[in-house]
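K.L.:
First the structure, then my questions, so here it is.
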Amino acid sequence: MASAAKTYFGKDVSELTLSESAMLAGLIKAPSALSPVRHYDKAVARRNVVLSLMKEQGYIDDQEWIAAKNEHIAIQQEPKRDPYAGKYPYYVDKLIHEAIAQYGLTQSDVLSGGLRIYTELDPNMQQALEAVYANDSLFPSSPDGVPVQSGAVLLDPKTGGVKALVGGRGRHVFRGFNRATELRRQPGSTLKPLAVYTPALEQGYGPFSLLKDEPLNLGGYRPQNYDHTHRGTVTMYEAIIHFAQCAGRLAVKRNRP
């Protein structure tokens, strides 16, 4: 109630008139359909129903009922802006998108409808991830000055909950393109740590287990390294380093306009 009073009337709940209080009480049935911002006439009609019930049950007298029904309610509409600018922007963008897509809400419902949305956001992880993306020295440089783009999602492997999310580098645009959730590309080598190295570790391999990096012929299929060279016998640790370097070069190449 306190949040709705601030949102719709710009005042504390203790300052509401009888008519305004009745309107907020009427919103409980259908906050979206009866929103006074988008459906003022429906909100007023519902307010009148609440006032009539209050009179019938003796909470207000005839004079209070008539005065409240005749009161014109001024709705406080704040200027359109990004209310979460600078605070977990890409994570908030995704919340708004899911609320709209899964529950039929509008952007206005999510931002000013008095909703409580519970997430698995970890502020420390989110801030750390944003700090990484704000540090240009951690990303490859681009000859044309346009930032090499990237996206990242940190998940809790036990629950699948999203702990942190960043959808791009550079200036954030409210509900703009989110590379962490909207970019559609083949996962490619991203799956190798999950599909190759993780099973190897589970089967007893260690960081310094020796692996052969040599030409292969698998029934006519001859896979090649990114740089078309072979390094002989390497440790798993070294193999992962070379994989990460090659993946980085590919990412730079693919993300250039």
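K.L.:
Under 8 Å for C-alpha pairs, at least 6 residues apart: give me the relative contact order for the chain, rounded to a whole percent.
P.N.:
Computed value for the chain: 13 percent relative contact order.
K.L.:
While we're on this one: Calculate one ³J(HN,Hα) per residue across the range 168-179 by plugging θ = phi - 60° into the Karplus curve 6.51 cos²θ - 1.76 cosθ + 1.60, and present them in order as whole Hz with x for glycine and proline.
P.N.:
x, 10, x, 5, 7, 10, 4, 6, x, 5, 10, 5
K.L.:
Could you work out what % of the accessible surface of the range 99-196 is carbon and sulfur, using a 1.4 angstrom probe and leaving DNA, RNA and ligands out of the count?
P.N.:
Whole-percent figure for carbon plus sulfur exposure: 54.
K.L.:
List the aspartates and glutamates whose alpha-carbon lies under 17 Å from that of Lys87, not counting same-chain residues fewer than 8 positions away?
P.N.:
Glu120, Asp122, Glu130
K.L.:
What lysines could a cross-link reach from Lys212, if we take a straight Cα to Cα line under 18 Å and drop same-chain neighbours fewer than 8 places away?
P.N.:
Lys192
K.L.:
Efficiency by 1/(1 + (r/R0)^6): what FRET value for His230 and Leu155, r their Cβ-Cβ distance, R0 = 45 Å, to the nearest 0.05? Could the numbers behind the result be given before it?
P.N.:
Values: r = 35 Å, r/R0 = 0.77.
Once the sixth-power term is evaluated, E becomes 0.85.
K.L.:
Which whole-angstrom value gives the distance between the alpha carbon centres of the range 101-161 and the range 166-211?
P.N.:
Going from one Cα centre to the other spans 16 Å.
K.L.:
For a Förster distance of 22 Å, can you work out the FRET efficiency between the beta-carbons of Thr106 and Ala45, rounded to the nearest 0.05? Mind showing how you got there, number by number?
P.N.:
Details: r = 20 Å, r/R0 = 0.93.
In this case the efficiency is close to 0.60.
K.L.:
Okay, next question. Using a Debye calculation, one point per C-alpha and no hydration shell, please list log10 I(q)/I(0) for the chain at q = 0.07, 0.09, 0.16 Å⁻¹ in order.
P.N.:
-0.45, -0.63, -1.23
K.L.:
When we measure straight from the Cα of Lys69, which lysines land under 28 angstrom away, once same-chain ones fewer than 8 places off are left out?
P.N.:
Straight-line reach from Lys69, under 28 Å: Lys6, Lys11, Lys29, Lys42, Lys55.
K.L.:
On to the next question. Along each principal axis of its Cα atoms, how long is the range 12-129 end to end? Whole angstroms, biggest number first, please.
P.N.:
60, 28, 25
K.L.:
Which trypsin sites (Lys or Arg not before Pro) does the range 183-215 hold that lie in a coil by DSSP with at most 16 other beta carbons within 10 Å? Intermediate results must be reported in sequence, preceding the final value.
P.N.:
Numbers: sites: Arg184, Arg185, Lys212; in loops: Arg184, Arg185.
Sites meeting the loop and neighbour criteria: Arg184, Arg185.
K.L.:
Separation between the Glu238 and Ala131 pseudo-spin-labels, each 7 Å from Cα along Cα→Cβ, expressed in nm?
P.N.:
With each label point 7 Å from Cα toward Cβ, the separation is 3.4 nm.
K.L.:
Would you compute, from DSSP H runs of 4+ residues alone, the mean residue ellipticity of the chain at 222 nm, taking -39500 (n - 2.57) per run and dividing by the full residue count, rounded to the nearest 500?
P.N.:
-12000 deg cm²/dmol
K.L.:
How much accessible surface area, in Å² rounded to 10, belongs to the heavy atoms of Lys87 with a 1.4 Å probe?
P.N.:
120 Å²
K.L.:
Could you order peptides 21-32, 65-76 by the average number of other Cβ atoms within 10 Å of their residues, highest first? Don't jump to the answer; show the numbers that get you there.
P.N.:
Values: 21-32: 18.3, 65-76: 14.4.
The densest-packed peptide leads the list: 21-32, 65-76.
K.L.:
Can you work out the accessible area per residue across the range 27-73, with the rest of the protein chains kept in place, probe 1.4 Å, in square angstrom? Let's see the in-between values first.
P.N.:
Values: 3090 Å² over 47 residues.
Value for the range 27-73: 66 Å² per residue.
K.L.:
While we're looking at this one, here's another question. Could you give the dipole magnitude of the chain about its Cα centre, charging the beta-carbon of Lys and Arg +1 and that of Asp and Glu -1, in debye to the nearest 20? Please report the intermediate quantities before stating the final value.
P.N.:
Values: 30 positive and 26 negative charges, 191 e Å.
The calculation lands at about 920 debye.
K.L.:
Between Arg175 and Asp144, with labels modelled 7 Å along Cα→Cβ, what's the label distance in nm to one decimal, could you check?
P.N.:
Simple spin-label model gives 2.9 nm for this pair.
K.L.:
While we're here: Put a dot 7 Å past each Cα toward the Cβ at Ala33 and Lys11; how far apart are the dots in nm?
P.N.:
Going by the 7 Å Cα→Cβ label model, 2.9 nm.
K.L.:
For the range 87-206, what is the largest minus smallest coordinate of the Cα atoms on each principal axis, given in angstrom and ordered from greatest to least?
P.N.:
Computed over the Cα atoms, the extents are 53, 41, 28 Å.
K.L.:
Next up: Take the alpha-carbon positions of the range 141-212, form their convex hull, and give its projected area averaged over all directions (one quarter of the hull surface) in nm². Mind dumping the intermediate values first?
P.N.:
Working: hull surface 32.6 nm².
That works out to 8.2 nm², a quarter of the Cα hull's surface.
The values are calculated or read from the model by the stated rules, or taken from the named source; none is laboratory data. The structure displayed is predicted, hence computed values, not measured ones. All Cβ positions, even for glycine, are placed from backbone atoms using ideal geometry, and neighbour counts span all protein chains on display. Side chains are part of the model used for accessible areas, which takes the heavy atoms of the whole protein and leaves out ligands, DNA and RNA. Shrake-Rupley method; radii C 1.70, N 1.55, O 1.52, S 1.80 Å.
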